[in-house]
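In what follows, a single structure is set out as structure tokens and then discussed.
Each reported figure results from applying straightforward, stated rules to the coordinates on display, with no laboratory input. This structure is a prediction, so every number in the text was calculated from the model and none was measured. Heads up, the Cβs are rebuilt from the backbone with ideal geometry, glycines too, and the neighbour counts pull from every protein chain shown.
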Amino acid sequence: MPHRPFFFGHIFPAFDYFKNRVATRQSGYPRAACSPRAAFVLHQEPAHVVRPLRDSQSPTRGDPVGVRTTDVISSPPAVSFLGGLLSADTLSIISTSPSCLTMATVAIYSLFIINKSGGLIHYKDYGSAGRMDTNDSLRLASLWHSMHAISQQLSPTPGCNGIDLLQAHNFDLHCFQSLTGTKFFVVCETGAPNMEFLLRAIYELYTEFALKNPFYEMEMPIRCELFDFNLAQVIQKDRVALLGR
Amino acid sequence: MPPLTTPKSGDALFASVERVNAELFTLTYGAIVRQLLTDLEEVEEVNKQLDQMGYNIGTRLVDEFLAKSNVSTCVDFKETADTIAKLGFKMFLGVTATVTNWDAEGTTCSFVLEDNPLVDFVELPDTCQGLQYCNVLSGVIRGALEMVSMKTEVTWVRDMLRGDDAYEMRVKLTKQVPEEYPYKDDD
């Protein structure tokens with residue numbers, strides 16, 4: 001089936017990166033099964049939702065907003081962007097396919113913290129099957145940084161603060177950017193509530209245990225035990241509150 | 001993201017952070033200044049060091065302030081100055097400053113402090129007359145504002161240790177440089 005070009009792909013040079021990786025396939029990522037669904041939710045404009053990008057196997061086709069998928073973005077690393085839960089045969093970067101894994105035991109799949117220049121300073125995986133190695137997580141963090149920045153330019157009105165929420169078929173990605181440019185984003189189960197509060201709590205932990213540590217160099221990866229310990233506690237508390245376990 | 005809860009008032013903020021004995025704070029700061037004077041001997045050098053220390057503190061402090069106070073983006077520099085004076089100073093020093101002397105363009109203002117916990121019990125000797133004892137505060141403001149993409153210059157206008165009636169620092173916004181993604185169409 002011919003792939004339909006995805007209009008974002010024409011705009012984002014960052015995605016050219018993936019053109020060269022079409023043929024690679026990485027084992028360990030879940031395989032595509034059925035139709036993907038994804039939506040971007042921009043900060044101020046809830047009406048500007050990019051509707052589902054469907055692949056050729058989907059029974060229903062046609063997009064209300066005329067977005068098109070492209071084969072340049074069909075590479076697994078691109079689509080495995082969000083926590084390794086995705087896989088690609090034919091899909092665009094913001095569409096995902098449901099994985100064959102059972103993820104229902106955790107509310108949060110992974111947490112990323114990136115500094116104002118887009119470098120990854122903290123990455124923690126909470127049991128998703130798509131565990132990434134350091135290089136992949138670094139690459140994906142800078143990709144998210146770019147997408148976040150580009151979304152601000154896409155906004156039809158000035159004053160957009162970037163992407164708050166990315167919803168896919170089997171996960172949500174909540175992002176919080178502080179006024180200083182540090183971004184905290186968490187990949188979690190669809191519909192997991194109160195993620196924004198969790199992100200604020202993690203921001204407070206960052207200010208307490210990372211920034212107040214005189215030996216922590218700013219913008220560098222966080223290597224503070226107190227931060228890790230308290231973060232684990234907050235996540236655990238959140239998990240207990242949400243799931244009762 | 002808009003703030004999730006209503007921004008707190010200065011008093012509520014001050015009550016919500018952990019506080020330390022004011023004398024301990026004053027004495028620690030005094031010890032730092034004394035040690036710098038002994039090590040560097042030159043008053044100008046000490047001023048510069050204090051400013052640099054303040055800058056380093058400010059870059060880290062601003063995130064804590066933003067996290068705890070839950071303020072949203074300020075519309076203009078006037079709002080920024082008000083936020084610093086009412087919330088920032090209150091949260092970290094326990095005193096509020098007043099903002100006065102706005103210039104015509106709205107880019108320069110003065111923070112006036114009647115009460116300054118750094119200088120309790122301090123009297124400047126004649127040998128240190130050029131010393132800006134509270135220079136760390138100007139560094140803190142400069143560092144903090146730089147992290148939210150505002151370049152400023154901060155100078156001391158009035159200093160009670162030198163015989164004036166209050167502490168006044170003049171803050172001038174030189175440049176506002178929002179972080180821009182270096183995206184080009186012709187890439």
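Inter-label distance, B:ASP82 to B:ASP126: 4.8 nm, where each label sits 7 Å from its Cα along the C-beta direction. Figure legend: label point modelled 7 angstrom from the Cα of B:GLU153 along Cα→Cβ; no residues of segment B:36-66 have amide N under 13 Å from it. Pairs to check: B:LYS48/B:LYS78; A:LYS183/A:LYS212; A:LYS124/B:LYS48; A:LYS237/B:LYS90; A:LYS212/B:LYS48; A:LYS237/B:LYS151. Give those whose C-alpha atoms are more than 29 Å from each other in this structure. Violating the 29 Å limit, Cα to Cα: A:LYS124/B:LYS48; A:LYS237/B:LYS90; A:LYS237/B:LYS151. Scalar couplings 3J(HN,Hα) for segment B:58-63, obtained by applying the Karplus form with A = 6.51, B = -1.76, C = 1.60 to θ = phi - 60°, are x, 4, 8, 6, 5, 5 Hz; x denotes Gly and Pro. Each peptide in B:24-30, B:94-100, A:163-169 gets a packing score, the mean of other Cβ atoms within 10 Å over its residues, and the list from highest to lowest is A:163-169, B:94-100, B:24-30. Can you tell me the FRET efficiency between B:THR38 and B:ALA166 if r is taken as the Cβ-Cβ distance and R0 is 35 Å, rounded to the nearest 0.05? Efficiency at R0 = 35 Å is approximately 0.75. Residue-wise HN-Hα couplings along segment A:153-165, as the Karplus relation 6.51 cos²θ - 1.76 cosθ + 1.60 with θ = phi - 60° gives them from phi, are 7, 6, 4, x, 10, x, x, 7, 9, x, 7, 9, 8 Hz; Gly and Pro carry x. Taking the C-alpha atoms only, the angle from helix B:22-40 to the longest principal axis of chain B is near 70 degrees. Placing a pseudo-label 7 Å from each Cα along the Cα-to-Cβ vector at B:THR28 and B:VAL177 gives an inter-label distance of 3.2 nm.
Here chain B is scanned for trypsin sites (Lys or Arg not before Pro) in DSSP loops (not H, G, I, E, B) that have at most 12 other Cβ atoms within 10 Å, and the longest stretch holding none of them is B:20-183.
In this calculation the C-beta distance from B:VAL20 to A:GLN153 is compared with R0 = 45 Å, giving a FRET efficiency of 0.50. Quick one: check the C-alpha center-to-center distance for segment A:195-245 versus segment B:23-82, whole angstrom. Using only Cα atoms, the two centres lie 25 Å from each other.
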